[in-house]
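Q: Questions regarding the structure given below will be posed in turn.
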Amino acid sequence: MRHAYLPLALLALLPFHAAAGTPLQDALAARADGPLYMFDVIIQNSDTDAMLRIDPSRPEGERLTVISPPEKDWTDDFRKLVDKMDADTDGDIWCQGFGENIPDDAALVSETPTTATYTFKPQKGAKPDDLDDVYKYLTGKVVVAKDDPAILSVEMVSEKPFRPLPVAKIKTFKLNFDCSRAPDGRTHIARINVDINGSAMMKDFSESERQTITNLKPLPESGMGTK
């Protein structure tokens, strides 16, 4: 589910490097196991206003149910999205998973009594990701909780235009993940906001998408040690 996604230190706040025992390290070391959850995903963009239900306890290919729109109103693009999500969905909505994209030299840039904010250069994770070819153009920011260590939000933005393909130019790219506490205390992705502006094949484009993950329900007998 995680697709992956930065803001800057003020000149007066010269960043210093994170080390073991910092709020970021504590957040990344927080408990990762817990029960499986069924949840709803609301997707909104210029072409789509949909609600999907995900049940990761079901066999692969049967985990996704489209609540709306009715199938008679599906566009070809929406059908492709449903097929892709159905194949990829495993119930991994946990914000701690962003840790694999955060390098050891993440820099602390601000702190409050309850949170700490770090900037970083995103790195590829262990598994292939849709953003693997884009990370090198992005800068990241992560906010973590200090009292009950966890990742609270992640942001990734392009600081200048870039070309992911010879025929395409991205002028601005911004990806935000906001996290909320699940009933067991872990933080899960609650909102994803994506804004992209650029040009391709000599045509300008501007795309925005909002995804909301809500209505988490623990699945009976899913136990601990699961995603």
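Q: Could you check how many residues of the stretch 34-61 are modelled with pLDDT of 90 or more and among the acidic types (Asp, Glu)?
A: 3
Q: Go through (1) surrounded by fewer than 13 Cβ atoms within 10 Å (Cβ to Cβ); (2) at negative phi; (3) assigned to a loop (DSSP other than H, G, I, E, B); (4) out of contact with any helix residue (DSSP H, G or I) (no Cβ under 8 Å at 6 or more places or on another chain) and name the single condition residue 60 misses.
A: The one condition residue 60 does not meet is (4).
Q: In the stretch 22-48, how many residues are of a type in the set (Val, Ile, Thr) and either assigned to a loop (DSSP other than H, G, I, E, B) or more than 23 Å from residue 193 (Cα to Cα) (or both)?
A: Number of matching residues: 2.
Q: Counting only residues that are surrounded by 13 or more Cβ atoms within 10 Å (Cβ to Cβ) and of a type in the set (Asp, Glu), which one in the stretch 68-89 is modelled with the lowest pLDDT?
A: Just the residues of the stretch 68-89 that are surrounded by 13 or more Cβ atoms within 10 Å (Cβ to Cβ), to begin with: 69, 74, 78, 81-82, 85-86, 88-89.
Narrowing the set further to residues that are of a type in the set (Asp, Glu) leaves 86, 88.
Values: 86: 85, 88: 81.
Applying the filter and picking the extreme gives 88.
Q: Next up: Return the pair list, or none, for Cβ contacts closer than 9 Å from residues in the stretch 117-135 that are more than 15 Å from residue 158 (Cβ to Cβ) and acidic (Asp, Glu) to residues that are modelled with pLDDT of 90 or more and not in a loop (DSSP other than H, G, I, E, B), at least 6 apart or on different chains.
A: Taking only residues 6 or more apart or on different chains, the pairs are 129/101; 129/135.
Conditions tested, residue by residue: (1) touching a Gly at 6+ places or on another chain (Cβ under 7 Å); (2) farther than 22 Å from residue 191 by Cα; (3) in a loop (DSSP other than H, G, I, E, B).
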residue	(1), (2), (3)
78	no, no, no
83	no, no, no
110	no, yes, no
126	no, yes, yes
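Q: Among the residues of the stretch 165-182, count how many are surrounded by fewer than 19 Cβ atoms within 10 Å (Cβ to Cβ) and assigned to a strand (DSSP E or B).
A: Residues in the stretch 165-182 being surrounded by fewer than 19 Cβ atoms within 10 Å (Cβ to Cβ) and assigned to a strand (DSSP E or B): 10 in total.
Q: Take residue 146 and tell me if it is closer than 26 Å to residue 34 by Cα, out of contact with any strand residue (DSSP E or B) (no Cβ under 8 Å at 6 or more places or on another chain), surrounded by 15 or more Cβ atoms within 10 Å (Cβ to Cβ) and not aromatic (Phe, Trp, Tyr).
A: Details: closer than 26 Å to residue 34 by Cα: yes; out of contact with any strand residue (DSSP E or B) (no Cβ under 8 Å at 6 or more places or on another chain): no; surrounded by 15 or more Cβ atoms within 10 Å (Cβ to Cβ): yes; not aromatic (Phe, Trp, Tyr): yes.
No; evaluated as a whole, the condition is false for this residue.
Q: Determine whether residue 208 is surrounded by 14 or more Cβ atoms within 10 Å (Cβ to Cβ), part of a strand (DSSP E or B) and among the hydroxyl-bearing types (Ser, Thr, Tyr). Break it down stepwise before answering.
A: Values: surrounded by 14 or more Cβ atoms within 10 Å (Cβ to Cβ): no; part of a strand (DSSP E or B): yes; among the hydroxyl-bearing types (Ser, Thr, Tyr): yes.
Considered against the rule, which asks whether it is surrounded by 14 or more Cβ atoms within 10 Å (Cβ to Cβ), part of a strand (DSSP E or B) and among the hydroxyl-bearing types (Ser, Thr, Tyr), residue 208 comes out as no.
The values are calculated or read from the model by the stated rules, or taken from the named source; none is laboratory data. Quantities reported herein were computed from a predicted structural model and do not represent experimental measurements. Positions of Cβ are generated from backbone atoms using ideal geometry, with glycine treated the same way; all protein chains shown enter the neighbour counts.
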